[in-house]
Each structure stands twice: as structure tokens, then as C-alpha cells.
1. Under the rule a/c < 1.5 gives rounded, and otherwise a/b versus b/c splits prolate from oblate, where does the range 191-234 land using the Cα gyration tensor?
2. What does the net charge come to around SER61 if you take all other residues with beta carbon closer than 9 Å to its beta carbon, with K and R at +1 and D and E at -1?
3. Given N residues in the range 41-97, what is Rg(Cα) / (2.2 N^0.38 Å)?
4. Going by accessible area, probe 1.4 Å, with all protein chains left in place, what is the ranking of ASP116, ASP63, largest first?
5. Suppose a student asked you for the relative contact order of the chain, using Cα pairs under 8 Å spaced at least 6 residues apart; what percent would you report?
6. If I histogram all Cα-Cα distances within the chain using bins 5 Å wide from 0, what percent of pairs lands in each bin?
7. Quick check for you: with a 1.4 Å probe and neighbouring chains kept, what is the accessible area per residue of the range 3-125, in Å²?
8. What does the accessible area per residue of the range 149-256 come to in Å², with a 1.4 Å probe and no ligands, DNA or RNA counted?
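The values are calculated or read from the model by the stated rules, or taken from the named source; none is laboratory data. Owing to the predicted nature of the structure, the values given are computational and were not obtained by experimental measurement. When we count neighbours, we look across all protein chains shown, and the Cβ atoms used for this are built from the backbone with ideal geometry, even at glycine. Areas reflect the complete protein model, heavy atoms only, side chains present, ligands, DNA and RNA absent. Shrake-Rupley method; radii C 1.70, N 1.55, O 1.52, S 1.80 Å.
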Amino acid sequence: MKSLRGKTALVTGAGSGLGKDIALLLAREGAAVGVADIHLPAARDVVSIIHASGGEALAVSMDVSDEHETEAGTASLVSRFGSIDILVSNAGIQIVSPVHDYTLTDWRKMMAIHLDGAFLTTRTALKHMYAQQTGGCIIYIGSVHSHEASPLKSAYVTAKHGLLGLAKVVALEGAAHQVRAHVVCPGFVETPLVKKQIPEQALELGLSEEAVVKSVLLAGTVDGQFTASSDIAQTVLFLTTFPSAALTGQSITVSHGWGMR
């Protein structure tokens with residue numbers, strides 16, 4: 001496996017949840033990390049943790065749905081560390097509602113953050129990666145919902161399915177430039193995003209929050225367990241350090257078996 005020392009990674013939505021754990025692990029493995037988040041104070045807190053452990057990091061204020069902010073934020077990272085070798089497109093939100101009640105405003109917000117954000121950060125990262133001529137790796141944080149559907153999540157499921165197509169095209173186009181692309185598809189992880197939707201689904205479905213966890217979120221697992229954030233971070237690390245294009249354009253599901261049947 002290749003070392004991450006001397007590499008630079010940009011992780012979006014890295015102020016909390018999965019993005020934070022991914023950023024911390026990549027930093028521990030030697031990468032300089034751009035901690036990108038729409039909430040700059042949260043990004044700075046993560047950078048402080050990395051600096052305290054002897055790593056290198058830069059807080060980047062970034063609304064991933066904004067073309068100027070994605071380009072300016074990526075450029076600031078490259079200016080600071082000299083390159084961008086890894087992009088982890090992780091930023092996301094969740095809005096749950098049945099299709100017949102889903103507002104166009106909420107739908108567009110979901111598409112803007114999940115799909116526009118993935119496209120905009122990919123486009124600017126590729127321009128730098130291609131110019132560097134040293135290859136790179138782009139990881140999209142998808143979901144088990146990249147492959148399957150769930151009630152109340154029409155926009156989320158649509159967006160996460162879309163990441164599969166984007167990753168495959170990036171893998172095809174990037175191959176000539178030694179750029180690989182993958183989608184990591186977590187099961188349910190106890191992030192703020194997931195915790196927020198438990199009471200929302202309980203209200204919509206007429207269930208207790210405990211029943212939502214057991215009968216909705218974790219019913220499809222083999223052991224009734226949430227996926228650990230550290231498991232997702234380790235999967236990202238594995239893919240970013242894989243030594244060749246023998247592994248590219250793939251989706252990797254990390255879910256305690258959720259979705260395998």
C-alpha cells in the first residue's frame with residue numbers, strides 16, 4: 001500500500017460526523033488535510049485536533065453547492081500544501097418526507113448539496129490533479145441507499161444513486177491521468193444526520209423512536225448494530241492507499257450486511 005505522507009486530501013463536510021473521522025484518520029496516516037465545512041468554526045476545531053497531534057491541516061470554509069467557494073477553497077488548499085491528491089466528497093444533509101408532500105425547495109436543496117456539490121468539488125479537484133500529473137483518488141460517500149430505496153427518502157435515494165454514475169464516469173475519464181474513483185456506501189451510522197431523522201421518522205410512521213431504530217434503521221443488518229464511523233474511515237483509507245487502478249469505479253458497501261439480501 002502507498003503511504004499518505006506527502007499527499008494532500010480535501011474532505012468536505014469534515015466539521016462533524018463521518019467527515020470529521022475521515023479527516024482525522026487521513027491526517028494520522030500522514031496526509032495534509034483540508035477540513036472543509038460550511039461551518040468554519042467546526043472545521044477549525046477539527047484542525048486544532050490535527051495540529052495538536054502533530055499533523056498538518058487547513059480549515060476551509062466551503063458551501064459545496066457554490067461554484068466560487070468550491071474553486072476558491074480548493075485553490076487555497078493547493079496554495080498551502082502544493083497539491084490535491086485525494087478528494088473525499090462527504091458533505092450531505094437529510095430531509096425526510098413522503099413523495100407527495102416533498103417540496104420542490106427541499107428537493108432542490110438536496111440535489112444541490114449532494115449532487116451539485118459532488119460535481120463541483122470533483123471538477124475543480126480534477127483540474128488540479130490532471131495538471132499535477134501525479135494521479136489521485138476521489139471518494140464519494142454514498143449510502144446503502146445508493147443501491148436500495150427506503151420510504152420518505154426520495155431525494156436522498158435519488159442523489160445517492162446519482163453518485164454511482166458520477167464515480168463511474170470519473171473512473172473512466174480519469175484513468176488516463178491515473179485518477180481513481182469510488183463510492184463508499186455506509187449503512188446507518190450514529191452521526192448527527194442519522195440521529196436527527198429518528199424522531200422525524202417516528203412522527204411520520206407513527207412509531208416510537210426505539211421502534212424506528214430496531215425495525216427500520218437496523219432491521220436489515222445481520223446483528224442489529226449501527227455501522228461505526230471508524231469503519232467508514234478505514235474503508236476510505238484503504239481505497240486511497242490502494243496501489244493501482246485494478247480497483248477503480250467501484251461501490252463498497254459497509255453496513256453490517258444491510259442490503260445484501
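1. Here the range 191-234 falls in the oblate category.
2. Details: positive: none; negative: ASP37, ASP63, GLU69.
After counting each charged neighbour, the total is -3.
3. Details: Rg = 13.3 Å, N = 57, 2.2 N^0.38 = 10.2 Å.
Dividing the Cα radius of gyration by 2.2 N^0.38 Å gives 1.30.
4. Numbers: ASP116 75, ASP63 45 Å².
Reading off the accessible areas and sorting them downward yields ASP116, ASP63.
5. Here the relative contact order equals 19 percent.
6. Values per bin, smallest distances first: 1, 7, 14, 18, 20, 17, 12, 7, 4, 1, 0.
7. Details: 5150 Å² over 123 residues.
With the other protein chains kept in place, the range 3-125 gives 42 Å² per residue.
8. Here the residues of the range 149-256 average 45 Å² of exposed surface.
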